[in-house]
Amino acid sequence: QARGYETQVERVFVSSDAPVELAVDLQPDIDALLSGRWEGSYGYPDGRQPEPKSVDFQVQRGELGGTSSEVNTFGAGAGPLTADLSGSIRGTIVRFVKTYDGSGGQTHAVTYQGGLDANAGRIRGTWNLGQSRGVFSLDRR
């Protein structure tokens, strides 16, 4: 098992003498599940209404990249806030950093960590920006 990738060992009988164990890499299945469009929301600890967001993940061998878009609730101008994503998935833990790309005058980074429910196509977790924290949820589309 290399770099935290999940593997499954299967026994295959190639003759009547003894089984041969094969390590099957499960990461490509997770990569395919995570890659693509996700939609959801993020919330603030003060109880404000959750804000909608969408992300497009590209995942290869557990390394995550992509982009996000959300309603502009704190930046300058009227357009959406967009950002670049960079992170990883290990087992069912998804971690990524969202770095705003300058839209709305924003360039700061927000850290996200969540748990993947592969059967439901859902990620739930928390975001962190300095002393500010909140929750987020994403559903596969």
Solvent exposure of region 49-97 as accessible area per residue, Å², 1.4 Å probe
47 Å²
Inverse of <1/r> over all distinct C-alpha pairs of region 68-121, i.e. the Kirkwood Rh in Å, gives 12.3 Å
Round to a whole number: what % of the accessible area of region 48-92 belongs to carbon and sulfur, probe 1.4 Å?
52 percent
Taking Cα atoms only, Rg over Rh for region 49-141 with Rh from the Kirkwood formula is 0.96
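The values are calculated or read from the model by the stated rules, or taken from the named source; none is laboratory data. A quick note: this is a predicted structure, and the numbers were derived from the prediction, not measured. What goes into the accessible areas is simple: the full protein's heavy atoms, side chains included, and nothing from ligands, DNA or RNA. Shrake-Rupley method; radii C 1.70, N 1.55, O 1.52, S 1.80 Å.
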